[in-house]
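Data block below; observations after.
Please treat every number below as a calculation from the coordinates, not as lab data. All values reported here derive from a predicted model rather than from experimental measurement. For neighbour counting, all protein chains shown are included, and Cβ atoms are generated from backbone atoms with ideal geometry for every residue, glycine included.
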Amino acid sequence: MDTDQLLSLIANDGAAFALSVAATIVAILTLAYVANDKRRQDFLDKQLKQRTETLWRDMDELRISQFNSSDLSSQGPGNRESDADQFATEKAAYETIWPLVWQLHDRLGMFLRAVESGETVGELRLEARNAALEARSALNRNRPFCHGDVDELVTKIIDTDIKAHLAACQYMDLLKESATSNTTHDRNIQREKFHMLYDGEAREMINQLVTTIRERTLRKG
């Protein structure tokens, strides 16, 4: 290959390389522009969404404020006395229900601890069962005077504690059977179940019930 041919080949390859580099640079710049434009659009969309939510919230607060103002201005002495009577009736219902709900949870806890430690549980089992019946009966008598949130929470607490009681009874029944791998697995399932129901779900709902009753009585009173 002579010198002219070699120089021509280098020149051609150099032009192709330069073109390739230029195309790569253009592609990178295009991607950077697209990414930056997308970020800017996302930012604008987020701002618009926040402004829209703020606007709706302000409008809701304004409507509520106007409604409360017109409602309070239309209340006469008779209406205020009626509200006081309703408050007293609702509070009396909670004063009846709450001690029985707590008694149920306390008696059930004593029963579950005795079951797990292998102690005699005949009396504790009956006390927990009777506590559930008393709480259910008190709720049924006072349900018309309870706020809906309180009614729902108390119902769920009683149901959850009853489920925990039944799981503990099933655990005891499995203890009486032969110690096979299957019964051991089933016992563990029942033990985890009554722990989850009592220490988890029921305890959390009781805390919610305390907060709800406090808001319904102390704040209004």
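Quick notes on this structure:
- The length gained by stretching the chain between Met110 and Glu204 to full extension, at 0.36 nm per residue less their Cα-Cα distance, is 32.0 nm.
- Qualifying GluC sites (Glu not before Pro) in region 100-175, where qualification requires a DSSP coil assignment and no more than 13 other C-beta atoms within 10 Å, comprise Glu119.
- If the segment from Thr217 to Glu192 were pulled out straight at 0.36 nm per residue, it would be longer than the present Cα-Cα gap by 5.4 nm.
- Taking label positions 7 Å along the Cα-Cβ direction at both His147 and Ala84, the computed distance is 2.1 nm, reported to one decimal.
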